[in-house]
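Report on the following structure.
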Amino acid sequence: MKPDFRKSGVHLFAGFFFAVVLTVAFVKNSWYPIRAIGGEESAGTWLSGAMLVIAMTLSLVAGKRRGLFPWFLFAAFFALAAADERFMFHEQLKQRLIFTSAGHYMQGSLFYELPIITGAVVGLAVTVLLWRTVRKRGRILLTGAAAAGGGSVVIDVFSRGVFWEDCLKLVAELLVVLMLAGETDG
């Protein structure tokens with residue numbers, strides 16, 4: 001069997017990228033490791049956006065090689081997720097919900113988490129479509145990504161800690177990037 005240097009290169013790049021960014025973040029924030037990964041101004045947030053752009057690019061490559069639909073739909077989803085990661089759309093929407101009169105009366109309910117829940121439902125739909133589209137060997141990575149992503153959403157909705165929420169989100173995104181790298185070989 002001939003080695004596939006392209007896929008190996010993507011795997012090495014993803015692992016190196018993930019390890020170096022997080023190592024530098026922890027060294028620079030040794031007293032506050034939560035700031036290295038968690039929060040909107042962290043290296044973890046930057047890494048998340050970068051991996052979503054990589055996932056979008058890999059989806060476009062797979063779409064060019066394997067047919068437009070549904071790969072360009074996946075690319076659009078990852079582009080929107082990367083834009084949300086950078087510009088914090090769902091956080092802004094959440095603030096608007098909190099400061100409405102309806103939000104005032106529904107304090108403490110899941111009403112506040114509607115943007116996150118909506119994003120999770122869309123993510124689940126994309127995951128199901130990806131499951132039907134990817135090859136069998138990619139489904140293991142997709143299953144791990146879905147489990148990590150689902151765990152991240154649960155932690156976010158129930159406000160159980162930004163550090164673990166962001167750690168699980170990063171693991172999910174890395175698994176998606178690795179899965180998509182395996183789908184680009186035509």
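The values are calculated or read from the model by the stated rules, or taken from the named source; none is laboratory data. None of the values given here were measured: they were computed from a predicted structure. In this analysis, Cβ positions are derived from the backbone assuming ideal geometry, glycine residues included, and neighbour counts consider all displayed protein chains.
Observations
- Number of the exception - V154 against (1) part of a helix (DSSP H, G or I); (2) of a type outside the set (G, A, S); (3) under 22 Å from A79 (Cβ atoms): (3)
- Segment 142-165, residues that are buried (at least 18 other Cβ atoms within 10 Å of the Cβ) and farther than 17 Å from S48 by Cβ: L142
- Number of the exception - N29 against (1) modelled with pLDDT of 75 or more; (2) more than 17 Å from the chain's Cα centre (by Cα): (1)
- The criterion of being in a helix (DSSP H, G or I) and without any contact (Cβ under 8 Å) to a residue 12 or more places away in the chain holds for R132.
- Cβ-Cβ contacts under 7 Å between residues 6 or more apart (or on different chains), taken from a first residue in segment 56-76 that is among the β-branched types (V, I, T) to a second residue that is outside any helix (DSSP H, G or I), are listed as V61/T184.
- Residue-level analysis places G144 outside the set of residues that are closer than 20 Å to L110 by Cβ and small (G, A, S).
- Flag for E173 being farther than 25 Å from E40 by Cα and at pLDDT 90 or above: no
- Among the numbered conditions (1) more than 18 Å from V171 (Cα to Cα); (2) outside any loop (DSSP other than H, G, I, E, B); (3) at pLDDT below 95, the only one that G138 does not meet is (1).
- Set F89, F111: member being under 16 Å from the mean Cα position of the chain (by Cα) and at pLDDT below 85: F89
- Residue within segment 46-54 that is among the polar types (S, T, N, Q), outside any loop (DSSP other than H, G, I, E, B), within 17 Å of the chain's Cα centre (by Cα) and modelled with pLDDT of 95 or more present: no
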